[in-house]
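Enquirer: Take a look at the following structure, please.
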Amino acid sequence: MSDSFDVIVIGSGPGGYVCAIRAAQLGLKTACVEKRATLGGTCLNIGCIPSKALLQSSEAFDKASHALKDHGVLVEGVKLDLARMQARKQEVVTANTRGVEFLFRKNKITWLKGTGRIAAPGKVDVDGQIHETKAIVIATGSDSVPLPGVTVDERQIVTSTGALELDKVPGHLVVIGAGVIGLELGSVWRRLGAEVTVVEFLDRIVPGMDTEVATAFQRILAKQGIKFRLGTKVTSAAAGADGVVLTMEPVTGGNAETLKADIVLVAIGRRPYTDGLGLAEAGVALDERKRVIVDQHYATNVPGIYAIGDVIAGPMLAHKAEDEGVAVAEILAGQAGHVNYDAIPGVVYTWPEVATVGKTEDELKLGGPAYTVGKFPFTANGRARAMGDTDGFVKVLAEKGTDRLLGAHIVGPDAGALIAEVVTAIEFGASAEDVARVCHAHPTLSEAVKEAALAADGRAIHI
Ligand code: FAD
Ligand code: NAD
C-alpha cells in the first residue's frame, strides 16, 4: 500500500490536469496518473497544440508564397524547410508539456507515472502499486475511430498522430472524413503543396455545424484547391511500395472506383478511451457509445468515482474538458461547480477560421423557438478589406420577441477570437441588441459581429 490522497485523477489531458490543479488549489491532496512520458494528454502532445503549430507555420508559408504580393511585398524563392517546421512544432509541444509539469510542482500535485486501473472504489493501481484515495476522477480521454478495411500503420495510412509527423509533403493526400481533424490537417498539407482529396460519407462537410456556414466553408476550401468527394464511402485500402489504393463507392449505390494516394489520413471521429481501466470490474456504467455515464455532478453510478472530458458525453473539445475539470474539483471540495453547455464555442483553425456557439439555424428550424437572423459579410468590413481577408460572414441567431441570443456562427478571419464576445453575451443572457449597443473599436473585425447583431433587427449600418 502506498500514499493516500483526497483525489486521484486518471489522465493528464486538459480535463485531468486542470482538475488536478483546481483540486490542489482548493486544498485537496491530489495525484494525477499519466502513462505517457509527458503531461498534457492528447491536446498538448498529439492534438490541439501540435496541429495549431503546423497550421500557423503552413499559413505563414502559404502567405509568403501567394498572398504577400497583393500587399506589394515581393518575396522571391520561398522554400519549405519541413524539418525545421516539424522541429518548431515539437519545441512548442515541449514548452507546453513542461509548463504543465511546472504547474504540478507549483501546486504540489503528485504525478503517478504509469498506467492507472481502478482496483476498487477508493483504490487506484498504478503499474502494480495501490494508492488509496477518497475520490477517483476518470479523465482518460479518447482515441481515433478505426475504419474497417483501412488498416492504420501510421506511415502510409495514418491517424491525426501520423499526419502531424510526416517528414515529406505527400504528392496526394486523401483524407477520409470531412470533420475538424480532416479539414485542419488537410489544410496544413494543402498549403505545403500536397494535392488533397477529402472523401466524406455524408453529403456535406462538418456535420452538426450550421449548414449555411458549412456550405460557405466548403466553397472557400475548394477555392484553396481542396477537392471533395461527398456521399462516398471507402471500403478498403491496399498499401504498397507505390502508395495506397483506396476502393470507394457512392453511399447511394453505384460502381466502385479506386483512388491512389501517397498518404491516407483516417479522420472519421474519436471514441472514448477506457482500455484497461477496470471499469467493468468496478461496475462503472457506460452508455451505448461506451462513454462513461455521469450525472450533473460528474458522478458515475459507483460512489466516489467521477468522470470528465472526452470520456463522457458532449463535444470532444479541450476547453469543455477543462471546464468540467474545474467543476468536478469544486464539487469534490464542497462547492457548486457547473458548466453551461449552451455556451461552449467550437472553432476550426483553418484560414479563414470557422467558429460557432449555441444553436444552429438547422436546430432552430426543427425545434424552435421562433428566431431572427442577422448576417454581415466580411466584404463590408473595412478591416477585413485592409487585411485582404474578405471571405465569410457573421451570422447571429436571436429569439423572436425576446431578442435573446441563441447562437452565432462565423466563417471568416480570426473567427475563433471573434466568437468569444458572443459566448460571453450568451453566458450573461444578453440580447442581440445588447451586443449591437456595445461600442466596438474601429476598424476591427469585431465590428462585423456588432453589425450582424444590428442586422438581427434589420438595422445594420454598413449593408
Ligand atoms: P486527453 O487529452 O485525451 O487525455 C487523456 C490522457 O489520459 C492521455 O494523456 C492518456 O495517455 C491518459 N490515459 C488514458 N488512460 C490512462 C490510464 N489508464 N492510466 C494513465 N493515463 C491514462 N480540441 C479543442 O478544443 N481545440 C482544438 O484545437 C483541438 N484540436 C485537436 C486536434 C487533434 C489532432 C486532435 C486529435 C484533437 C483535438 N482536439 C481539440 C480535441 C482535444 O484534444 C480533446 O478534446 C481533449 O484532449 C480531451 O481532453 P481529455 O482530458 O478528456 O483527454
Ligand atoms: P468529426 O466527428 O469532427 O468528423 C468525422 C467526419 O467523418 C464526419 O464528417 C463524418 O460524417 C465522417 N465519417 C464518418 N465515418 C465515415 C466513413 N466511413 N467514411 C467517410 N467519412 C466518414 O471527427 P474528427 O475530425 O475525427 O475529430 C474528432 C474530434 O476531435 C471531434 O469531436 C472534434 O471536436 C475534436 N477536434 C477538435 C478540433 C478543434 O476544436 N479545432 C480539432 C481537431 C479535433
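Enquirer: Kindly list, by first and then second residue, each pair from a residue in the range 338-350 that is away from ligand 2 (no atom under 14 Å from the Cβ) to a residue that is in a helix (DSSP H, G or I) and acidic (Asp, Glu), limited to pairs with Cβ atoms under 6 Å and residues at least 6 apart or on different chains.
Expert: Short answer, once both residue conditions are applied: Val339/Asp323; Val339/Glu324; Ala343/Glu427.
Enquirer: Does any residue of the range 121-141 turn out to be in a strand (DSSP E or B), within 16 Å of ligand 2 (Cβ to nearest atom) and under 30 Å from Val199 (Cα atoms)?
Expert: No, the range 121-141 contains no residue that is in a strand (DSSP E or B), within 16 Å of ligand 2 (Cβ to nearest atom) and under 30 Å from Val199 (Cα atoms).
Enquirer: Picking from Asp153, Asp167, Asp125, which residue would you name as being at pLDDT 95 or above, open to solvent by less than 50 Å² (accessible area, probe 1.4 Å) and not β-branched (Val, Ile, Thr)?
Expert: Step by step, each of Asp153, Asp167, Asp125 is checked, and only Asp125 is at pLDDT 95 or above, open to solvent by less than 50 Å² (accessible area, probe 1.4 Å) and not β-branched (Val, Ile, Thr).
Enquirer: For Val33, work out the one condition from (1) assigned to a helix (DSSP H, G or I); (2) touching a residue at least 40 places away in the same chain (Cβ under 8 Å) it doesn't fulfil.
Expert: Answer for Val33: the failing condition is (1).
Enquirer: Restricting to the range 243-300, name every residue that is touching a residue at least 60 places away in the same chain (Cβ under 8 Å), assigned to a loop (DSSP other than H, G, I, E, B) and under 26 Å from Val206 (Cα atoms).
Expert: Matches in the range 243-300: Asp262, Ala267, Ile268, Gly269, Tyr273.
Enquirer: Taking the options Arg117, Arg88, Arg84, name whichever one is in a strand (DSSP E or B) and either open to solvent by 50 Å² or more (accessible area, probe 1.4 Å) or more than 28 Å from Ile21 (Cα to Cα) (or both).
Expert: Arg117
Enquirer: Determine, yes or no, whether Asp403 is more than 21 Å from the chain's Cα centre (by Cα) and within 15 Å of Ser431 (Cα to Cα).
Expert: yes
Residue-by-condition table, conditions (1) surrounded by 23 or more Cβ atoms within 10 Å (Cβ to Cβ); (2) of a type in the set (S, T, N, Q); (3) outside the structural domain of Gly27 (by TED's automatic domain parsing); (4) farther than 30 Å from Gly177 by Cα:
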{"position": "Leu279", "(1), (2), (3), (4)": "yes, no, no, yes"}
{"position": "Ala282", "(1), (2), (3), (4)": "no, no, no, yes"}
{"position": "Val302", "(1), (2), (3), (4)": "no, no, no, yes"}
{"position": "Ile308", "(1), (2), (3), (4)": "yes, no, no, no"}
{"position": "Val311", "(1), (2), (3), (4)": "yes, no, no, no"}
{"position": "Ala333", "(1), (2), (3), (4)": "no, no, no, yes"}
{"position": "Thr356", "(1), (2), (3), (4)": "yes, yes, yes, no"}
{"position": "Lys365", "(1), (2), (3), (4)": "no, no, yes, no"}
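Enquirer: A further question follows. Being among the hydrophobic types (A, V, I, L, M, F, W, C) and not in a helix (DSSP H, G or I) is the filter; apply it to the range 303-333 and report the residue that is nearest to the chain's Cα centre (by Cα).
Expert: Applying the filter and picking the extreme gives Leu317.
Enquirer: Now, a different point. Of all the residues that make up the range 142-167, how many are under 24 Å from Gly309 (Cα atoms) and assigned to a loop (DSSP other than H, G, I, E, B)?
Expert: Residues meeting the conditions: 4.
Enquirer: Okay, next question. Scan Phe228, Phe217 and give me the residue that is open to solvent by 10 Å² or more (accessible area, probe 1.4 Å) and among the aromatic types (Phe, Trp, Tyr).
Expert: Step by step, each of Phe228, Phe217 is checked, and only Phe228 is open to solvent by 10 Å² or more (accessible area, probe 1.4 Å) and among the aromatic types (Phe, Trp, Tyr).
Enquirer: Which one of Tyr349, Tyr341 is open to solvent by 60 Å² or more (accessible area, probe 1.4 Å), closer than 26 Å to Leu68 by Cα and either of a type outside the set (Val, Ile, Thr) or more than 26 Å from the chain's Cα centre (by Cα) (or both)?
Expert: Selected residue: Tyr349, the only one of Tyr349, Tyr341 that is open to solvent by 60 Å² or more (accessible area, probe 1.4 Å), closer than 26 Å to Leu68 by Cα and either of a type outside the set (Val, Ile, Thr) or more than 26 Å from the chain's Cα centre (by Cα) (or both).
Enquirer: Taking the conditions exactly as written (of a type in the set (A, V, I, L, M) and touching a strand residue (DSSP E or B) at 6+ places or on another chain (Cβ under 9 Å)), does Ile118 satisfy them or not?
Expert: yes
Enquirer: Just checking: which of the strands (runs of 3 or more DSSP E) contained wholly in the range 370-463 hold 3 or more residues that are touching a residue at least 60 places away in the same chain (Cβ under 8 Å) and open to solvent by less than 10 Å² (accessible area, probe 1.4 Å)?
Expert: Here the list reads 405-412.
Enquirer: Going by the conditions given, is Thr274 among the polar types (S, T, N, Q), in contact with a helix residue (DSSP H, G or I) (Cβ under 9 Å, 6 or more places away or on another chain) and open to solvent by less than 20 Å² (accessible area, probe 1.4 Å)?
Expert: no
Enquirer: Now a separate question. If you go through the range 196-206 one residue at a time, do you hit one that is within 12 Å of ligand 2 (Cβ to nearest atom) and under 18 Å from the mean Cα position of the chain (by Cα)?
Expert: yes
The values are calculated or read from the model by the stated rules, or taken from the named source; none is laboratory data. Everything numeric here is computed off the predicted structure, so don't read it as measured data. Methodologically, a virtual Cβ is constructed for each residue, glycine included, from the backbone with ideal geometry; neighbour enumeration extends over all protein chains shown. Quick note on the areas: whole protein, heavy atoms, side chains included, nothing else; ligands and nucleic acids left out. Shrake-Rupley method; radii C 1.70, N 1.55, O 1.52, S 1.80 Å.
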